[in-house]
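Asks: Quick one: this structure, given as structure tokens, is what I'll be asking you about.
The values are calculated or read from the model by the stated rules, or taken from the named source; none is laboratory data. Since we're looking at a predicted model, the values are computed, not measured. Note that we place each Cβ from the backbone using ideal geometry, even for glycine, and neighbour counts take in every protein chain shown. Accessible surface areas use protein heavy atoms only, side chains included; no ligands, DNA or RNA. Shrake-Rupley method; radii C 1.70, N 1.55, O 1.52, S 1.80 Å.
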Amino acid sequence: MKTLYVEGDSLLHRLPPRAKLLGLAAAGIALFFFRSIPPLALAALLCAAIYASLGIGLRHSFARLRPIFLTIAVVALFTLLVGSTEEAATVLLRLTSLMLLAAAVTAATGIGDFIDEITLAARPLERIGLVKAADIGLSIGLVIRFVPEILDRYRAIKDAHYARGLKPRILTLAVPLIILTLKNADEIAAAIDARGIRTQK
Amino acid sequence: MITRDLVLAALFAAIIVALGLLPPITLGFIPVPITAQSLGVMLAGVVLGSKRGTAAVLLVLLLAAIGLPVLSGGRGGLAVFAAPTTGYLIGWVFAAFVTGYIAEHFVDRSQTGLVQGVNFFLAALIGGVVVLYAFGITYLALVTGLGFSKAFLGSLAFIPGDCFKAVIAALAGRAVMVGYPLLPQRA
């Protein structure tokens, strides 16, 4: 799996991850206080400038942002149909700014930094006994490790259908996929415990 | 959480991610192409129950948030949480929880297959459609200022597909329960 992080040495890359995340959250709240078009347009320009400062390139940026921009455009279009032009422009500018800023933070922050921040943020939850902070990194690693395996298994089940002259159906694909995958859980859990990765305090 | 529960949640999260990588399916009678990923959310509740199902969904969202393209169509990063449809992602967590909670309390191994199937269907329908759309539509209405009735109208096209997914989730949930039971029994 390829991450959405982009190598670079821009100002945003060098900022500490916590500052970036808090800044993004603050911007997300602040954007909803502006209701007129000029300040929102200014915000959109500012966010576009921040995104551009990463130096991702126009074509690549377009490919990255297209799916989310499409949903924003559809919603803005729908707002235009049922509401006023001003409302539609507000929605379009506000959500586009937020999308650009969020995408910029994602592109400028590595996965390791994120996991460190999340682990730190989970410490208070650990104190009240809700989760173990170290489990979060472990689980993320497990998912990344098993996605390719599950895709292989999916292809194998599909081939098994063809070999028997059956048409693959979502139900006959999903059930064996789930059972085969989850049956591994005991072995994996035993392996984790045998290595003492989750030490019990 | 014991290690086995943690691993089950992580494996199911990987299944949800894998389902998002499959191309969307178009059904003849519904105009909107459906992705298998939201089916994965219902399945998490139906197969693993409330606690582990919720953990699996949370894990998928966490992976998306830290910049992995794990959502259907290769979406990911913090930008997906800044979209008008973010309410549906938040709703996933509660959808898996409610689906799992109902499945745990109302599906029993001593019931006949038909009763199990119907109860699984109701669990997936209430969790994966009613609860999910409550979050999705509320968020859409608040963020865009559309208002509830219009946001509801805009989401209407996707409801038939999700009801169809609830049927699939019910059938798959029962089949997994027969083949490899994992659902905690609380009824």
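Asks: What's the Cα-based Rg to Rh of region B:79-187, Rh via Kirkwood?
Replies: Working: Rg = 15.7 Å, Rh = 14.7 Å.
Value, to two decimals: 1.07.
Asks: Okay, moving on. Accessible area per residue of chain B at 1.4 Å probe, in Å²? Walk me through the intermediate numbers first.
Replies: Numbers: 6620 Å² over 187 residues.
Per-residue value: 35 Å².
Asks: What is region A:50-111's relative contact order, in percent, from Cα pairs under 8 angstrom and six or more apart in sequence? Can you show the working numbers first?
Replies: Numbers: 25 pairs, mean separation 29.0, N = 62.
Across region A:50-111, relative contact order equals 47 percent.
Asks: With unit charges on the beta carbons (Lys and Arg positive, Asp and Glu negative) and the dipole taken about the Cα centre of chain A, which residue among A:Thr181, A:Thr90, A:Gly141 sits farthest to the positive side?
Replies: Result: A:Thr181, furthest along the dipole toward the positive end.
Asks: Enter the angle in degrees (range 0 to 90, nearest 10) between the Cα long axis of helix A:111-121 and the first principal axis of the Cα atoms of chain A, meaning the one along which they spread out most.
Replies: Relative to chain A, helix A:111-121 is tipped by roughly 90 degrees.
Asks: Let me ask something else about it. For chain B, calculate the relative contact order in percent as a whole number, restricting contacts to Cα pairs under 8 Å that are 6 or more residues apart. Please list the in-between numbers first.
Replies: On the way: 317 pairs, mean separation 46.6, N = 187.
Rounded, it is 25 percent for chain B.
Asks: If you project the alpha carbons of the protein assembly as shown onto their three principal axes, what span does each projection cover, largest first, in Å?
Replies: 64, 50, 45
Asks: Which residues of region B:135-179 end up with at least 40 Å² less accessible area in the presence of all protein chains than when their chain stands alone, using a 1.4 Å probe?
Replies: So the qualifying set is B:Val143, B:Thr144, B:Leu146, B:Lys150, B:Ile168, B:Val176.
Asks: Accessible area of B:Met1, 1.4 Å probe, to the nearest 10 Å²?
Replies: Surface accessible to solvent at B:Met1 totals approximately 90 Å².
Asks: Region B:146-185 to region A:56-97: how many Å between their Cα centroids?
Replies: Cα centres, region B:146-185 to region A:56-97: 28 Å.
Asks: Taking only Cα atoms and a 10 Å spring cutoff, compute GNM fluctuations for chain A and point out the largest among A:Leu42, A:Leu92, A:Leu130.
Replies: Comparing A:Leu42, A:Leu92, A:Leu130 in the GNM, the peak value goes to A:Leu130.
Asks: Beyond 28 Å, what percent of the Cα pairs of chain A remain? Could the numbers behind the result be given before it?
Replies: On the way: 10419 of 20100 pairs.
Summing the P(r) of chain A above 28 Å gives 52 percent of all pairs.
Asks: If you average 1/r over every pair of different alpha-carbon atoms in region A:11-121 and take one over that average, what Kirkwood value in Å do you get?
Replies: Values: mean 1/r = 0.0669 Å⁻¹.
So the Kirkwood estimate lands at 14.9 Å.
Asks: Same structure again: Nearest 100 Å² is fine: what is the total accessible surface buried where chains B and A meet, probe 1.4 Å? Intermediate values should be presented prior to the final figure.
Replies: Working: alone 9090 and 13910 Å², together 18150 Å².
Summing both sides, the interface buries roughly 4800 Å².
Asks: A further question on this structure: In the calculated pair distance distribution of region B:3-179, what percentage of Cα-Cα distances lie above 28 Å? List each step's numbers first, then the result.
Replies: Details: 2973 of 15576 pairs.
Summing the P(r) of region B:3-179 above 28 Å gives 19 percent of all pairs.
Asks: At q = 0.12, 0.15, 0.20 Å⁻¹, what is the base-10 log of I(q)/I(0) for region A:96-196 according to the Debye formula with one equal point scatterer per Cα and no solvent? Please give it to two decimals.
Replies: The computed values of log10 I(q)/I(0) come out as -0.68, -0.88, -1.03.
Asks: While we're here: Hey, any idea what % of region A:11-121's accessible area is carbon plus sulfur with a 1.4 Å probe? Don't skip to the answer; put the middle values down first.
Replies: Details: 4380 of 5880 Å².
Ligands and nucleic acids excluded, carbon and sulfur reach 74 percent.
Asks: Which sequence of A:Arg153, A:Arg66, A:Arg123 reflects their accessible areas, 1.4 Å probe, from the largest down?
Replies: A:Arg66, A:Arg123, A:Arg153
Asks: Got a number for carbon plus sulfur as a percent of region B:105-187's accessible area, 1.4 Å probe? Walk me through the numbers before you get to the answer.
Replies: Numbers: 2820 of 3810 Å².
Here carbon and sulfur together make up 74 percent of the probe-accessible area.
Asks: Kindly report the accessible area of region A:11-121 per residue (heavy atoms of protein chains, probe 1.4 Å, no ligands, DNA or RNA), in Å². All intermediate terms of the calculation are to be shown ahead of the outcome.
Replies: Numbers: 5880 Å² over 111 residues.
Value returned for region A:11-121: 53 Å² of accessible area per residue.
Asks: I've got another one for you. What Kirkwood Rh does region A:1-56 have if only Cα atoms enter the pairwise 1/r average? Answer in Å. All intermediate terms of the calculation are to be shown ahead of the outcome.
Replies: On the way: mean 1/r = 0.0773 Å⁻¹.
One over the average 1/r among Cα pairs gives 12.9 Å for region A:1-56.
Asks: Gap in Å between the Cα centre of region A:163-190 and the Cα centre of region A:102-130?
Replies: 32
Asks: Also, quick follow-up: Can you sort A:Lys20, B:Lys51, A:Lys183 by solvent-accessible area, 1.4 Å probe, largest first? Could you put the intermediate results ahead of the total?
Replies: Details: A:Lys20 10, B:Lys51 130, A:Lys183 105 Å².
In descending accessible area the options line up as B:Lys51, A:Lys183, A:Lys20.
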